[in-house]
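This report concerns only the one structure given below.
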Amino acid sequence: MKSKPTQLWEVCYQWLRDCGVNINKSYCKEEVSTHPDYPALTSVIDFLESGCMAYHAVKADNSYINEFNYPVLAHIQLPGQEYLHIVPDAKYWDEQKEITQNWSGVVIIPTEETSWSTTTNTAYLHSQRRKTILATLLCSISLMVFAITIYLTPNFLLNAFGLLSLAGISISVLLQANELGFQSQIVKQVCSAFSESGCERVIKSSYGRGVWGVTPADTSLLYFITQFIIYVVSCLGSSLLLTGLFTFAIAATAVMIWSLYIQAVKVKSWCTLCLVVVVILGGQSIIALLLREESVSFVSLGTFMLAAAVLALFFFPVKELLKTNVANDIKLVELRRFKSDGTLFISKWQQEQEVDDPKWQHDLILGSKHAPLCITAACNLYCNPCAKTHLALDNLIERYGDHVCVKIRILVSSRDFTEATRAVLQKVAEDLPQDTLQAVMTSWFEKMDLKYWTQLWQPDSTLDVQERLEQHQFWMTRNKIVTTPTLFLNDRKIPGQYALEDVERLIPQLLELMPLASRDIPVHQ
């Protein structure tokens, strides 16, 4: 059963999913919850606009309910509380009287052809898909290996022991995820079986933190992985190793008792995942008692401990790396919250270098010349970072249409650079339509090959653009451009702490906060 979204970002995520949008949950949470106005409605509106979603935010009354395109987001207002609620269809208003009675009249309605996308969300989806494929592959290999052991050694009790080992590995992985702070719907559902916070209380207790940095979750995962490896090797022909396997399984009874005691007496809270591990250990102890016939082999005990030690040598460095990544992710979320505040950006932007950047005749302006936000890109035509930046600027123009334009200034520092710049400026001098001009620049930065580009566009080599060449170089010198690409927004340098993707997220706010860039500027001949 799908749980009801409780936080604003969850409501936004679920609504977009209901509208048919393929969105990554982690990305939605990061973007919406780090908005400076969160949990206000503007945090959702800006998020929708960042993906160019077509929607209507209107105030209506009950007479328009049947005319809405569903599902809609309804703004609900209670004494001391406001929230958004997903209304799936028109009948819902009659079924949920409390929602209808407290509806403020504000509603967000998707258009009939709903679409929403960002390059970052796409990257998150690809990453999630790779992780899913990897997890599926590992599970498939494990099950395949287990199936082979059943074929080679068809012993019901022994095979049941191996199956419990696999189950132990799965639960231990979930314990590790909980310990490291990974948000998983599976973990939440399993842990809430007894109490909402039982797993977290036990795992984060002094007992759950373990000794010398080795936690019970670490021990559990290493134990079950080692156990499964020994089980597989035994089924492949080394049956002498089973005595050590069963000995450790019987000894694990003490771990079961200790775990139950800690949860019941010391922490006074039950961890569902820990209880499942206890059940698995109990099942394996019973099987071990039933199958154990031979005396204990020190070789088998030593093999088990050696295998566990080798695994530990690989496991703990990997875990430390994961812990570092989790800590960095938390810091990045905090930094993103800082960078998502348009007012702070304006404050820093106003302290940056201001440039004299008039419009020129035959200027290299991509997008609407009257856009309120103008990004000036100081670049050179043989610069790989400039090429990547230009691609991002193309996407920015496509996403924000008439709201953003891009002005290009070109560095001329050598003979080759001069020859390429001259050819580009000769083509620009032909008064090209905006879409053609953008295609001219995009095709250059795709290959940065003068011969290929010249054959493609055939600029008029008879046009004299020497004055324009000098104009570009003089602009670079006057504004002390030493590295490319250097980006300016409305004639001020973009603060160094902000990447272009950060500015892109801020554009809905900047359109309201920044002075218009479409002021009357004289065109220099």
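The values are calculated or read from the model by the stated rules, or taken from the named source; none is laboratory data. Computed from a prediction, not measured in an experiment: that's the story for all the values here. Note: ideal-geometry Cβ built from the backbone for every residue, glycine included; neighbour counts use all protein chains shown.
Quick grid of which residues meet (1) polar (S, T, N, Q); (2) touching a helix residue (DSSP H, G or I) at 6+ places or on another chain (Cβ under 7 Å):
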site: W212; (1), (2): no, no
site: C235; (1), (2): no, yes
site: T253; (1), (2): yes, yes
site: S259; (1), (2): yes, yes
site: V265; (1), (2): no, no
site: S269; (1), (2): yes, yes
site: V277; (1), (2): no, yes
site: S285; (1), (2): yes, yes
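Given the condition in a strand (DSSP E or B), at pLDDT below 90 and crowded, with 16+ Cβ neighbours inside 10 Å, answer yes or no: does some residue in region 60-71 qualify?
Within region 60-71 (the criterion being in a strand (DSSP E or B), at pLDDT below 90 and crowded, with 16+ Cβ neighbours inside 10 Å), the answer is no, since none of the residues qualifies.
Can you go through C52, C28 and tell me which one is in contact with an Asp or Glu (Cβ under 9 Å, 6 or more places away or on another chain) and assigned to a loop (DSSP other than H, G, I, E, B)?
C52
If I ask for residues that are touching a Leu at 6+ places or on another chain (Cβ under 9 Å) and aromatic (F, W, Y), which ones from region 477-509 would you list?
Y498 - this is the single residue of region 477-509 that is touching a Leu at 6+ places or on another chain (Cβ under 9 Å) and aromatic (F, W, Y).
Would you say Q350 is outside the structural domain of T226 (by TED's automatic domain parsing), loosely packed, with under 15 Cβ neighbours inside 10 Å and more than 30 Å from D431 (Cα to Cα)?
So Q350 fits the description; yes.
Report, by residue number, each residue of region 19-51 that is among the hydrophobic types (A, V, I, L, M, F, W, C) and either within 19 Å of the chain's Cα centre (by Cα) or more than 21 Å from I109 (Cβ to Cβ) (or both).
V21, I23, C28, V32, V44, F47, L48
Sort out for me the helices (runs of 4 or more DSSP H) sitting completely within region 339-433 that have 2 or more residues that are within 39 Å of the chain's Cα centre (by Cα), among the hydrophobic types (A, V, I, L, M, F, W, C) and under 22 Å from L500 (Cα atoms).
Ranges flagged: 342-349, 384-400.
Of everything in region 96-138, what is of a type in the set (D, E, K, R) and either modelled with pLDDT under 85 or surrounded by 17 or more Cβ atoms within 10 Å (Cβ to Cβ) (or both)? Give them in sequence order.
The answer is K97, E98, E112, E113.
Kindly establish whether F298 is assigned by TED's automatic domain parsing to the domain that holds S172 and either touching a residue at least 24 places away in the same chain (Cβ under 8 Å) or charged (D, E, K, R) (or both).
no
Identify, from the list G20, G51, the residue that is in contact (Cβ under 8 Å) with a residue 12 or more places away in the chain and crowded, with 17+ Cβ neighbours inside 10 Å.
Answer to the check: G51.
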